[in-house]
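All remarks here apply to the structure that follows.
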Amino acid sequence: MTPRRKRNLTYAFIAAAIFGLYYLWSSPIDPYNVPFHRHVLWMNDRANANSYTSKASYDWRKAPFQHKVKQYMPMPKGLPKSFPAVQHKFTSEPSSLTNKREMRRMAVRDEFVRSWKSYKQYAWGKDELSPVDGRAADSFGGWGATLVDSLDSLWILGLKDDFYKAVEEVAAIDFGKTDSTTISVFETTIRYLGGFLSAYDLSNEKVLLEKAIQLGEMLYRAFDTPNNMPLDRLLVEPAKDPNAAPNAASVNICFAAFASLTMEFTKLAQITQEPKYYDAVARVTAILDRTQNTTRIPGLFPISIDAVNEDVSFGSQFTVGALADSSYEYFPKMHALLGGLEPAYENLWKSSASMIDKHMLFRPLLPDSKRGSELLFCGDVSVNDEKISLQPEMQHLTCFIGGMYGLAGRLFSNEHHLDLGAKLTEGCIYAYKSMPSGIMPEIFNIAACDDRHTCPWNETAWEEGVRRYSYTRTEADLKKFVADEKLPQGFTYIRDKRYLLRPEAIESVFIMYRITGYEEYLDHAWDMFTSIVETTRTSFGNGQVFNVMKNPPAMPENKMESFWLAETLKYFYLIFSPPDMISLDEWVFNTEAHPFRRPGLYKTKG
Ligand SMILES: *[C@@H]1O[C@H](CO)[C@@H](O)[C@H](O)[C@H]1NC(C)=O
Ligand SMILES: *[C@@H]1O[C@H](CO)[C@@H](O)[C@H](O)[C@H]1NC(C)=O
C-alpha cells in the first residue's frame, strides 16, 4: 500500500470512528452485546468511496432472536496446553532444491494471477468468474464469494496491492440484502465467515472483523430454533421479521451441515470475546458427545441427523465424504483451536477415528501388491439388520482424510494414525497417477482386499467387481468395456468422471509434507499441478472438466468455484513455499483452507 493511501485511510478511520461513536452513544446498548461492539463501526453509507468503511443496509444485531438462550455455555478457560510439534524440523535446503521449489512456486502464483486478473476484469464483486466465456455468476448469496474466499490467498501469495483493493471492495458488501431467498448456512460460514476471519488474523485489517461480525450476526439467526440447533438454510428476509413464523430445526439435516460450524463460530468468539457465538456451536458438540455411542455404528455419525429430537440413532448410511466430511475433520482441529482445553473434541475424535479405521478404510486389490500395501482408501458403509457392509467407493472429497489422520496423529502423538495418514494420502496420489489425464475423478470404485496385510493380485476377483457395475456377460464384452473405459487394473468403475478443481488431494499432500519433510511429496504435488493446469486451463482461468479419463481432455466447462483460488492454488503455493510459511504449529486451517491462528501464539505474545 502506498503512503498516500495509508494517510487517506487514517483520515477515513478517524471520521468513521467519530461517526461510529456518535452512532453507538446515541443508541441504547443491547444487553446481549459485550463491550467489544462499542468499538465496531456500522455505517449506512460509504462516506468516501476510497475508504474502508463498512456498509450495511440492515443491522443484523437488531434482528429478532425468538428462542433466547438463558445461559451461555462458557468458553474453556485457562492457558492453552502445549502441543507436540506438528511440523517436521526442516534443516537448511540445498540451493539446487531451492531453485526448483521457487520455480514451481512461481508457476502456481502465475496460475493464480491469471484467474485473479480475469476475476477483477470480468466478475469483480460477483460470486464466481465463468472461466470459458469471461462472464460472471452468482451462486452463494451474490456477495462476492470468490472475492472474500480469496482474501487470505492474496495475502499469502504476497499480492498486497490486490489484497487492499479487495479489502476496499469487501468493505462495501451489504449483508443486509441478497437476491437469494435462502442461503446455505454451512457454505456461507466456511467460505465467507472463514475467509474474513482468516484474512483478519493475517492482516489485522479491522474492517474485515467488522464484516465477520455483520455476517456472523446474520448466520447466528440460523440457531434461532426451539432447541437452538442450526438450520441448514436460512430464509434471509423472514429472519429480520419479528412476526415471522418461528423456525424449527430439521428432522433430517446432514452431519456436515449440523456439526461443522464449530471452527468459524469459535474463532469469531475468541476474537470478539462474545460468548454467544461459542455457545451456539458448543451446544451441538454437547449433543454429539452425548450421543456418539447411540448410533448404529457407535463412534460414527450417520449422514442424516434428527436435529429436532437430537437423535442420531436411526441413520444407516455412513461416510467420510460428501454430507459428513468436515464434521470429522473439525474434531482434531477444534482441539487445536481451543488449545486442548475442551476434552469433548478429543473424545469425539478418538472414538470416530478408530471406527473409521475399522469399518471404512480398505486396501485396494492391485496387480502390484507391494504398491497396494502402501495405499489405503476410505469407502462408505451401510448397516442392514445389524450387518455392516463396505462400499469400496472413494470420493475426491474424501482425500482430505490423509491430512486429517496425519495432523491428528501429531496432535495426539499417535503413530498408527500417522501411518494411516501417509497411506491414505498415497492412495489419492496413486489415483491421480492412474488416470489418463493424471487427475483423480470425483468418484470411483476399486476392488477391496479382505486383508490389509496380505493381498495377492487376483484377476478374477477384479473382473467380478467390474462385472457388477458394467453388466457385461461375456469375457469379450468385459475386455471391451475395460478398454473403452480406460479402466486401470484394480479399478472397477468410474462412477463420476469429473474433476471440479477440488483441493482435497493436494491438501493432504501438503500436510503430510509439512509433517514428514519427505521431498517426494513435492514431486507428487508438481505432477498433480501440471496435470490439473493442462486439463483445466481456459483463456480466462481454469474450468472444471467433465471427464478425466480422456487424454487429451475435452474443453473445460464454464465453471470455476471459489475454492480454486481459496483452497486448491493456496495449498499448491504453500507446499512450494519455505515450510515456515503458515506453519502448522501456528495455524490450523478451516475446511475451506482458511488458516486460523492457534491460541498458543496469543500466550507467547502477551
Ligand atoms: C463409547 O464407546 C467407547 C468404546 O466402547 C468408549 O471408549 C467410550 O468411553 C464410550 N463413550 C461414552 C460417552 O460412553
Ligand atoms: C480369486 O477370486 C475369486 C473370486 O472372488 C475366488 O473365487 C478365488 O478363490 C480367488 N483366488 C485366489 C487364489 O484367492
>> What's the total number of residues in the stretch 289-303 that are within 11 Å of ligand 1 (Cβ to nearest atom) and either in contact with a Leu (Cβ under 7 Å, 6 or more places away or on another chain) or under 10 Å from F314 (Cα atoms) (or both)?
In response: 4
> Can you name the residue in the stretch 253-277 that is open to solvent by 10 Å² or more (accessible area, probe 1.4 Å) and under 17 Å from Q71 (Cα atoms) and is also farthest from ligand 1 (Cβ to nearest atom) among such residues?
Replying inline: Q273
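For the stretch 411-465, give me each residue that is part of a helix (DSSP H, G or I), within 16 Å of ligand 2 (Cβ to nearest atom) and of a type outside the set (F, W, Y).
In the first step, residues of the stretch 411-465 are kept if they are part of a helix (DSSP H, G or I); the result is 411, 415-434, 459-465.
With the extra rule that they be within 16 Å of ligand 2 (Cβ to nearest atom), the set shrinks to 459-465.
Across the stretch 411-465, the qualifying residues are E459, T460, A461, E463, E464, G465.
Looking at the structure I just gave you, is E426 away from ligand 1 (no atom under 16 Å from the Cβ) and under 19 Å from D527 (Cα atoms)? Working first, answer last.
On the way: away from ligand 1 (no atom under 16 Å from the Cβ): yes; under 19 Å from D527 (Cα atoms): yes.
Against the criterion (away from ligand 1 (no atom under 16 Å from the Cβ) and under 19 Å from D527 (Cα atoms)), E426 qualifies.
Scan the stretch 336-351 for residues that are hydroxyl-bearing (S, T, Y) and surrounded by fewer than 20 Cβ atoms within 10 Å (Cβ to Cβ) and jot them down. Talk me through it step by step, then tell me what you get.
As a first pass, look at the stretch 336-351 and keep what is hydroxyl-bearing (S, T, Y): 345, 351.
Selection gives S351 alone.
If only one of G490, G517, G465 is of a type outside the set (D, E), in contact with a His (Cβ under 6 Å, 6 or more places away or on another chain) and either modelled with pLDDT of 95 or more or open to solvent by 20 Å² or more (accessible area, probe 1.4 Å) (or both), which one is it? Walk me through how you get there before you give the answer.
Details: G490 fails: in contact with a His (Cβ under 6 Å, 6 or more places away or on another chain); G465 fails: in contact with a His (Cβ under 6 Å, 6 or more places away or on another chain).
Answer to the selection: G517.
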> Out of all the residues in the stretch 455-472, which are over 35 Å from the mean Cα position of the chain (by Cα) and either within 16 Å of ligand 1 (Cβ to nearest atom) or of a type outside the set (G, A, S) (or both)?
Replying inline: P456, W457, N458, E459, T460, E463, E464, R467, Y471, T472
> What is the number of the single condition among (1) open to solvent by 10 Å² or more (accessible area, probe 1.4 Å); (2) within 23 Å of the chain's Cα centre (by Cα) that P367 does not meet?
Replying inline: (2)
>> Suppose we filter T178, T225 for residues that are more than 25 Å from L501 (Cα to Cα), open to solvent by 10 Å² or more (accessible area, probe 1.4 Å) and assigned to a loop (DSSP other than H, G, I, E, B); which single one remains?
In response: T178
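I need the full set of residues from the stretch 299-335 which are of a type in the set (G, A, S) and open to solvent by less than 20 Å² (accessible area, probe 1.4 Å), in order please. Spell out the reasoning first.
Here is the first cut: in the stretch 299-335, the ones of a type in the set (G, A, S) are 299, 304, 307, 313, 315-316, 321-322, 324, 326-327.
G299, A307, G315, G321, A324, S326, S327 - these are the residues of the stretch 299-335 that are of a type in the set (G, A, S) and open to solvent by less than 20 Å² (accessible area, probe 1.4 Å).
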> Can you name the residue in the stretch 468-487 that is open to solvent by 70 Å² or more (accessible area, probe 1.4 Å) and touching a residue at least 12 places away in the same chain (Cβ under 8 Å) and is also farthest from ligand 2 (Cβ to nearest atom) among such residues?
Replying inline: K486
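Considering every residue within the stretch 333-340, establish whether at least one is more than 23 Å from G409 (Cα to Cα) and touching a helix residue (DSSP H, G or I) at 6+ places or on another chain (Cβ under 8 Å). Step through it out loud before you land on a result.
Initial filter on the stretch 333-340 (more than 23 Å from G409 (Cα to Cα)): none.
There is no residue in the stretch 333-340 that is more than 23 Å from G409 (Cα to Cα) and touching a helix residue (DSSP H, G or I) at 6+ places or on another chain (Cβ under 8 Å).
Quick grid of which residues meet (1) open to solvent by 80 Å² or more (accessible area, probe 1.4 Å); (2) over 24 Å from E217 (Cα atoms):
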site	(1), (2)
T53	no, no
A85	no, yes
P94	no, yes
T98	no, yes
V108	no, yes
K117	yes, yes
S130	no, yes
D138	yes, no
>> For the condition under 20 Å from the mean Cα position of the chain (by Cα) and open to solvent by 10 Å² or more (accessible area, probe 1.4 Å), what is the one hit in E415, E393, E442?
In response: E442
> Filter the stretch 324-367 for residues that are assigned to a helix (DSSP H, G or I) and of a type in the set (D, E); which is farthest from ligand 2 (Cβ to nearest atom)?
Replying inline: E346
>> For A286, only one of the following conditions fails: (1) buried (at least 19 other Cβ atoms within 10 Å of the Cβ); (2) within 16 Å of ligand 1 (Cβ to nearest atom); (3) closer than 21 Å to Q71 by Cβ. What is its number?
In response: (1)
>> Can you pull out every residue in the stretch 178-205 that is within 23 Å of T53 (Cβ to Cβ), over 19 Å from the mean Cα position of the chain (by Cα) and touching a residue at least 40 places away in the same chain (Cβ under 8 Å)?
In response: T178, S203, E205
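If you scan the stretch 124-169, which residues turn out to be of a type in the set (K, R) and in a loop (DSSP other than H, G, I, E, B)? Break it down stepwise before answering.
Here is the first cut: in the stretch 124-169, the residues of a type in the set (K, R) are 126, 135, 160, 165.
K126 - this is the single residue of the stretch 124-169 that is of a type in the set (K, R) and in a loop (DSSP other than H, G, I, E, B).
Kindly check whether there is at least one residue in the stretch 425-437 that is touching a helix residue (DSSP H, G or I) at 6+ places or on another chain (Cβ under 9 Å), among the basic types (K, R) and either modelled with pLDDT under 95 or surrounded by fewer than 15 Cβ atoms within 10 Å (Cβ to Cβ) (or both). I'd like the intermediate steps shown before the answer.
Step one: of the stretch 425-437, the residues touching a helix residue (DSSP H, G or I) at 6+ places or on another chain (Cβ under 9 Å) are 425-433, 435, 437.
Filter again for among the basic types (K, R), leaving 433.
Subset that is either modelled with pLDDT under 95 or surrounded by fewer than 15 Cβ atoms within 10 Å (Cβ to Cβ) (or both): none.
For the stretch 425-437, residues touching a helix residue (DSSP H, G or I) at 6+ places or on another chain (Cβ under 9 Å), among the basic types (K, R) and either modelled with pLDDT under 95 or surrounded by fewer than 15 Cβ atoms within 10 Å (Cβ to Cβ) (or both): absent.
The values are calculated or read from the model by the stated rules, or taken from the named source; none is laboratory data. Only a predicted model underlies this, so the values are computations on that prediction, with no experimental measurement involved. Cβ: placed from backbone, ideal geometry, glycine included. Neighbour counts: every protein chain shown. Only protein heavy atoms, including side chains, enter the accessible area calculation; ligands, DNA and RNA are left aside. Shrake-Rupley method; radii C 1.70, N 1.55, O 1.52, S 1.80 Å.
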